[in-house]
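J.: Sharing a structure, written as structure tokens. Questions coming.
The values are calculated or read from the model by the stated rules, or taken from the named source; none is laboratory data. For clarity, every value in this text was computed on a predicted model and none was experimentally measured. When we count neighbours, we look across all protein chains shown, and the Cβ atoms used for this are built from the backbone with ideal geometry, even at glycine.
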Amino acid sequence: MIGQIRPKNDHYQHTERVAVRVAAAALWAWNEMAFSDDIPLGATMTEITLKRRPLPTEADRDQAQEIEARVAARQPVTMGERAFAGRVLRRMTDAPEETLTWVQALRIGDLALVSAPGELFVELGLAIKQQSSFAQSMVIELANDSVGYLPTRRAYEEGAYEPEASLFGPGCGEQIADTALGLLERLHG
């Protein structure tokens, strides 16, 4: 190896190797597929209403102002505290009590696609997939709308950035998941 010149580092070598492997795997899968002239197709969508959190209480406002004072004094605060203060002091005063949004489901044979209108917590997406009647189910978030974080009830109990930053109260994430499962049953039946 002494005296051997190392080849010039081409930044695209790895990319090209990966692309060739992906293309080969796709071609292999294509050749192994069973094709059908007639597969069930379907689509359904429903509008739902998500309830916003209630307006902050006087105690919430006081706590948020205390957090803001700690931020200004460069004292440590958590991301959850900052989100809480931001929600209480800025967002909630002009927020409507309800938000209309959509949940959608598509069927292509035994594949189901579900769209969620915000950033659905992974536990909710996994619950949809596990309870789906389809052989394969995919959950796509931020589809047809962008309503922000949609945490689980448990996340609200535990407290963290996402539940504090969400404009919606506990149960909205489960409402999306339940609606999606209802749409999947309608498509599968």
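J.: Does Thr49 satisfy being out of contact with any Phe, Trp or Tyr (no Cβ under 9 Å at 6 or more places or on another chain), among the β-branched types (Val, Ile, Thr) and free of Cβ contacts under 8 Å to residues at least 60 places away in the same chain?
T.: Yes: the conditions hold for Thr49.
J.: Check off (1) within 26 Å of Gly189 (Cα to Cα); (2) hydrophobic (A, V, I, L, M, F, W, C); (3) in a loop (DSSP other than H, G, I, E, B) for Val114 and give me the number that stays unchecked.
T.: In the conditions (1) within 26 Å of Gly189 (Cα to Cα); (2) hydrophobic (A, V, I, L, M, F, W, C); (3) in a loop (DSSP other than H, G, I, E, B), Val114 misses (3) alone.
Yes/no matrix, rows are residues, columns are (1) under 30 Å from Arg186 (Cβ atoms); (2) surrounded by 13 or more Cβ atoms within 10 Å (Cβ to Cβ); (3) among the hydroxyl-bearing types (Ser, Thr, Tyr):
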| site | (1), (2), (3) |
| --- | --- |
| Ala43 | yes, no, no |
| Glu47 | yes, no, no |
| Leu55 | no, no, no |
| Ile67 | no, yes, no |
| Ala85 | no, yes, no |
| Ala105 | yes, yes, no |
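J.: Sticking with this structure for a sec: For segment 87-103, give me each residue that is surrounded by 13 or more Cβ atoms within 10 Å (Cβ to Cβ) and not β-branched (Val, Ile, Thr).
T.: Scanning segment 87-103 gives Arg87, Leu89, Arg91, Met92, Ala95, Trp102.
J.: Still on this structure, please answer the following. Output the residue which, of all residues in segment 145-168 that are modelled with pLDDT under 90 and assigned to a loop (DSSP other than H, G, I, E, B), is nearest to Gly80 (Cα to Cα).
T.: Per the criteria, the residue is Ala160.
J.: Do the conditions hold for Glu174, that is, is it under 19 Å from Thr101 (Cα atoms) and either of a type in the set (Phe, Trp, Tyr) or in a helix (DSSP H, G or I) (or both)?
T.: It is true that Glu174 is under 19 Å from Thr101 (Cα atoms) and either of a type in the set (Phe, Trp, Tyr) or in a helix (DSSP H, G or I) (or both).
J.: For segment 119-141, state whether one or more residues are part of a helix (DSSP H, G or I), surrounded by fewer than 21 Cβ atoms within 10 Å (Cβ to Cβ) and in contact with a Pro (Cβ under 7 Å, 6 or more places away or on another chain).
T.: no
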